[in-house]
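Beneath this line is the structure, given in structure tokens, with notes to follow.
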Amino acid sequence: MGKILIKNIKELVQVLEPTVKKLSGKEMATLSTIKDAWLAIEDNLIVGYGKMESWEGVSDWTNLEVIDATGKMVFPTWCDSHTHLVFAASREEEFVDRIKGLTYQEIAAKGGGILNSAKKLQNTSEEELYQNALIRIKEIQLMGTGAVEIKSGYGLSIEAELKMLRVIKRLKETCNLTIKSTFLGAHAIPVEYAANRTAYIDLIINEMLPKIKEEKLADYIDVFCETNYYTPEETNRILEAGAKIGLLPKIHVNQFTSIGGIQVGIKNKARSVDHLEVMTAQDILDLSKSDVMPTLLPSCSFFLNIPYAPARELINNGLPIALATDFNPGSTPSGNMNFVLSLACIYLKLTPEEAINAATINAAYAMGLENTHGSITIGKKANIFITKEISSISFVPYYFGNNRVEQVFINGKNTSLIV
Ligand code: NIG
Ligand code: FE
């Protein structure tokens, strides 16, 4: 630990006052930056920044580590507010099935999909799940992610859901990057409950939630509200039960069909509603009257070859947008936020400035971290990355499929120096 000064920064990106919690509509078009800047970190916090010409204030520091960032930019780390990165096994056989013409829904109907992942996870030890997830966390950290939300939902039994949540809890305790935990017991209906889905929902509410409360295993609650998964009424019932133990909703809605999930999310004061590939005019209108963060997952659309969310329409209606990866073995086997930014520019028609706002401050808001993450702000966590030499901000999404992240600091520590 100690004091670090990064000097000669070509451009210090996303410098915000602490009062800014999210950026909506037209505000998203502007990215606040300082050219030719310095940034000071002390222990795990950002303690100062400014233009090189006005350098003062920390010059009396001793034992100061100085990093020269000539030609390079500094960003707050990406916040990935929607992932399922604890899982037992990959599912590339479904990828091949889709190439041959089957749809995501057809694969799920024949026992693939979420139920396939659940079967494998039920037979995998907590230790193995932890070790594999740790590898993925290190991977995403190197690509510039400094905060991540992780969901359960591949357990679908009391034991296996709790096992997943305990893995996430252990990751929280052992990793430097910030993790938020979401209980997604209602991700699919387990086969053995196909004829009696209410019994499974009762199990979630009466058996799983009390254990989660007792062991403090989750921050949020999620439901896959979708045709053939959970109805809006069932979603509402589960979210109301979650609220009783202090879990705010962050829910999967409108991925394939618009069936009222958005309205249930708004009613239950969801932090975010995620996916939104299929939206009606009413959905957009209702959202624009709420504080819920619409979260888009373009790498899921890319991988499944399904429609992209109508991002421009959302922004034109004054809404904010957050971006996340949806990292999971079925619909998005990638935790690369840099690629998500490229897709957001290419397919969602976001400008690079809008995409960066969506992946930083708005994504921090989507996971309840807007006071500590998502911008260069004095007092916020020193979760930042230094790029390689780049010509402009637009180069970041332009350089698709790759990234120019050179050094990542999480909690003020250079990640290349931590195990
Ligand atoms: O966000 N849509 C629901 N859940 C995940 C996919 C889960 C899976 O296919 O394993 C998603 O896309
Ligand atoms: Fe998801």
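Local charge for Gln131 was computed over the other residues whose Cβ lies under 12 Å away, with Lys and Arg +1 and Asp and Glu -1, and equals 0. Highest-first packing order for the peptide set 147-160, 366-379 is 147-160, 366-379, based on the mean count of other beta carbon atoms within 10 Å. Normalised size of segment 147-285, defined as Cα radius of gyration per 2.2 N^0.38 Å with N residues, equals 1.01. In order along segment 186-200, the Karplus-derived 3J(HN,Hα) couplings, from 6.51 cos²θ - 1.76 cosθ + 1.60 at θ = phi - 60°, round to 8, 8, 7, 8, x, 3, 5, 10, 3, 8, 8, 5, 4, 5, 5 Hz, and Gly and Pro are given as x. Counted by Cβ distance under 12 Å from Cys79, the other residues give a net charge of +1, where Lys and Arg count +1 and Asp and Glu count -1. On a 0 to 90° scale, report how tilted helix 126-142 is relative to the longest principal axis of the chain, with both axes built from alpha carbons and the result rounded to the nearest 10. Compared with the principal axis, the helix lies near 40 degrees. Residues Leu350, Leu287, ranked from the fewest to the most other C-beta atoms within 10 Å, line up as Leu287, Leu350.
Per DSSP H run of n ≥ 4, the term is -39500 (n - 2.57); total these for the chain, divide by its residue number, and report the mean residue ellipticity at 222 nm rounded to 500 deg cm²/dmol. Walk me through the numbers before you get to the answer.
Details: 16 runs with 141 residues, N = 419.
Only helices count here, giving -9500 deg cm²/dmol.
Can you list the trypsin sites (Lys or Arg not before Pro) in segment 313-414 that are in a DSSP coil and have 16 or fewer other beta carbons within 10 angstrom? Answer by residue number: Lys349.
Using the Cα centre as the reference, give the magnitude of the dipole from point charges on the C-beta atoms of segment 96-251 (Lys, Arg: +1; Asp, Glu: -1; all else neutral), rounded to the nearest 20 debye.
Details: 21 positive and 21 negative charges, 72 e Å.
Taking the Cα centre of segment 96-251 as origin, the dipole is about 340 debye.
Taking the charge dipole of the chain about its Cα centre, with +1 at Lys and Arg Cβ atoms and -1 at Asp and Glu Cβ atoms, the residue from Asn338, Ser391, Ile9 reaching farthest to the positive side is Ile9. A protection proxy built from the mean count of other Cβ atoms within 10 Å ranks the segments 214-221, 7-14, 28-35, most packed first, as 7-14, 214-221, 28-35. What's the center-to-center distance, using Cα atoms, between segment 337-389 and segment 150-208 in Å? Rounded to whole Å, the Cα centres lie 28 Å apart. Taking 20 Å as the cut-off, the amide N atoms of segment 288-328 that come nearer than this to a point 7 Å along the Cα-to-beta-carbon line of Lys267 belong to 288-294. In this calculation the C-beta distance from Glu240 to Lys35 is compared with R0 = 30 Å, giving a FRET efficiency of 0.05. Taking amide H atoms as placed 1.01 Å from N in the peptide plane, the amide H of Asp36 lies under 5 Å from those of Glu11, Leu12, each 5 or more residues away in sequence or on another chain. Under 5 Å from the amide H of Val405 lie the amide H atoms of Lys388, each residue being 5 or more positions distant or on a separate chain, with H modelled from the backbone and absent for Pro and chain starts.
Quick one: plug the Kirkwood hydrodynamic radius of segment 1-132 (C-alpha pairs) into Stokes-Einstein at 25 °C, 0.890 mPa s, and report D in µm²/s.
126 µm²/s
DSSP assigns beta bridges within the chain; of those with both partners inside it, close to 45 percent run antiparallel.
The Rg/Rh ratio of segment 297-419, with both radii computed over alpha carbons and Rh defined as the Kirkwood radius, is 0.97.
Note on the chain: the C-alpha convex hull projects to 19.1 nm² when averaged across all orientations. A simple charge model with +1 on the Cβ of Lys and Arg, -1 on the Cβ of Asp and Glu and nothing else charged puts the dipole of the chain at about 100 debye relative to its Cα centre. Sorted on the mean count of surrounding Cβ atoms within 10 Å across their residues, most packed first, peptides 322-332, 225-235, 87-97 read 322-332, 225-235, 87-97.
We did not get these values from a lab; they are worked out from the coordinates using the rules stated. These figures come from a predicted structure and were not determined experimentally. Because the Cβ atoms are built from the backbone with ideal geometry, glycine has one as well, and the counts that use them run over all protein chains shown.
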